[in-house]
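Notes to accompany the following structure.
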């Protein structure tokens with residue numbers, strides 16, 4: 001009882017929904033569908049095959065809004081920050097994906113994500129109002145508690161199934177992130193997305209729209225549970241899904257699986273062929289070709305033809321070539337329909353084609369994933385982590401080269417990082433991971449909070465640290481270098497967090513006639529008071545399109561701090577004597593012809609306009625681009 005009289009309208013809608021569920025969409029009566037179902041006056045607005053939802057336009061607008069944010073280095077939370085190329089980023093992943101666009105556009109080989117499944121109990125970022133502007137959004141996701149941690153009630157919203165925009169909210173959250181993720185993939189790249197029954201149908205459609213239906217590779221069914229739940233209301237759900245899409249199907253080749261003893265056991269050698277064990281393969285195919293439709297006389301004298309509607313897979317000439325090479329089998333009595341002999345020795349190096357069923361005996365189950373976290377962190381501090389074996393299988397199917405970049409922007413407990421580090425240790429690879437995780441606050445009553453983890457990001461970082469120690473221990477037992485993997489990449493990771501720009505951002509919408517002069521004074525110095533050289537250097541690297549793996553060489557200049565990024569960008573970010581620093585730079589350039597761009601800070605010239613003008617002219621004459629901030 002709630003003290004209210006019966007809601008007549010809602011009661012009538014519920015009765016209508018029982019009889020005609022097809023005229024409802026997201027719990028609401030769809031008048032177009034209703035009219036089409038009960039009249040011959042059928043008309044749908046924008047009639048075409050397309051997926052729409054409430055807020056799709058806003059999802060596009062959110063996608064298109066650029067960010068001024070940056071990634072702030074946190075060496076104190078890292079392991080061997082200066083030596084390692086692995087990256088962990090704490091922050092809201094939509095903004096992080098925007099920050100990564102310049103540096104990693106078209107460079108990621110494999111993306112693996114495990115987003116919220118939209119079960120009705122998930123909390124994730126989406127606007128309460130689809131008209132929420134950027135400023136309101138940034139204010140909301142900036143809400144922090146007294147200790148500086150993001151507040152769950154400000155940062156997240158629980159997407160209840162009772163919501164009128166239940167599916168739309170989830171799609172609006174996923175769409176811009178998947179769109180930006182596609183930009184980061186290499187031409188031969190691939191993405192895997194974990195999901196369950198709640199949204200798999202919608203996810204397929206939105207990924208078809210973003211990646212193209214022609215680039216769909218598989219919808220894997222992962223057997224995540226090894227025993228039924230007898231307390232299930234209807235059916236004990238024992239599986240989840242993993243969707244697999246290529247960036248460009250024509251450029252992608254899948255990693256084939258190593259042959260198993262079980263698969264090899266299907267081969268035998270009943271005719272003692274000198275080439276070893278073989279297995280008969282159907283000689284007919286569905287794709288009909290008249291030239292391949294011919295009769296075959298068996299050794300017994302019986303004449304056979306292809307089954308109706310089919311033909312032989314070999315031309316007549318090719319058939320007799322195989323026959324003379326003892327590659328056609330007619331059965332022990334010579335009276336069976338001919339089959340093509342497939343020799344095991346010729347298949348071993350090809351590997352096995354993967355199947356769409358991922359059995360727990362091959363890739364692990366959800367309880368195995370939970371046990372792995374308990375073993376590493378001495379506590380069950382994370383719900384529903386994926387098993388490492390599953391991620392390793394997906395990485396194998398991605399067929400990455402030894403130096404590939406792997407991205408996971410719903411990192412969770414960090415299973416992807418563990419899979420990458422262990423694979424590198426096993427095969428000497430040099431794969432590098434980029435993980436992104438929200439600093440979602442742990443519930444004070446949770447095991448994670450009691451174990452000392454304030455946020456999920458804290459759990460991710462600690463798991464990576466412990467995996468590194470585990471790999472180092474195993475390597476030392478094998479007499480390998482203690483701090484390096486076989487592939488040469490230093491064991492460790494750089495930790496960053498999403499942060500506001502180190503540079504002041506001009507906001508034209510806040511400028512008035514009354515405050516214009518004050519605003520101009522504020523921007524006399526473009527740097528914020530909180531900025532430091534290291535953070536500034538990293539921001540300029542990212543915003544100039546350089547990656548974490550690009551080199552940063554500090555030059556021995558006595559008059560200022562000069563750093564060569566990659567090979568072609570020179571940063572001059574501090575100077576005790578700007579005139580001398582500029583002169584030193586100009587003398588350097590003939591010895592470093594690969595330097596094509598110079599960036600420095602306008603305040604370093606201290607209003608010496610002639611010096612700045614001369615610097616620009618001399619650099620231009622040297623064929624070097626020049627920019628001041």
Report task. Test residue 607 against the stated conditions and say whether it is part of a loop (DSSP other than H, G, I, E, B), without any contact (Cβ under 8 Å) to a residue 24 or more places away in the chain, loosely packed, with under 14 Cβ neighbours inside 10 Å and at positive phi. Result -> yes
Requested in this report: Scan region 290-314 and report the pairs whose first residue is under 12 Å from residue 337 (Cβ atoms) and outside the structural domain of residue 333 (by TED's automatic domain parsing) and whose second residue is surrounded by 12 or more Cβ atoms within 10 Å (Cβ to Cβ) and modelled with pLDDT of 95 or more, with Cβ atoms within less than 8 Å and a gap of 6+ or a chain change.
Outcome: none
Query raised in the report: Restricting attention to region 299-324, which residues are assigned to a loop (DSSP other than H, G, I, E, B) and touching a helix residue (DSSP H, G or I) at 6+ places or on another chain (Cβ under 9 Å)?
Result: 306, 313, 314, 315
Query raised in the report: Within region 389-406, can one find any residue that is modelled with pLDDT under 95 and more than 23 Å from the chain's Cα centre (by Cα)?
Result: no
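Looking at residue 99, is it more than 21 Å from residue 175 (Cα to Cα), modelled with pLDDT of 85 or more and under 25 Å from the mean Cα position of the chain (by Cα)?
Working: more than 21 Å from residue 175 (Cα to Cα): no; modelled with pLDDT of 85 or more: yes; under 25 Å from the mean Cα position of the chain (by Cα): yes.
No; evaluated as a whole, the condition is false for this residue.
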Query raised in the report: Within region 356-381, can you find the residues that are modelled with pLDDT under 95 and assigned to a loop (DSSP other than H, G, I, E, B)?
Result: 378, 379, 380, 381
Query raised in the report: Residues 545, 623: which one is surrounded by 14 or more Cβ atoms within 10 Å (Cβ to Cβ) and assigned to a loop (DSSP other than H, G, I, E, B)?
Result: 545
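Is it true that residue 265 is outside the structural domain of residue 358 (by TED's automatic domain parsing) and over 20 Å from residue 107 (Cα atoms)?
Numbers: outside the structural domain of residue 358 (by TED's automatic domain parsing): yes; over 20 Å from residue 107 (Cα atoms): yes.
Here the answer is yes, as residue 265 does meet what is asked.
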Query raised in the report: Yes or no: residue 120 in a loop (DSSP other than H, G, I, E, B), within 19 Å of the chain's Cα centre (by Cα) and either over 14 Å from residue 173 (Cβ atoms) or modelled with pLDDT under 85 (or both)?
Result: no
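The values are calculated or read from the model by the stated rules, or taken from the named source; none is laboratory data. All values derive from a computational prediction rather than experimental measurement. Note: ideal-geometry Cβ built from the backbone for every residue, glycine included; neighbour counts use all protein chains shown.
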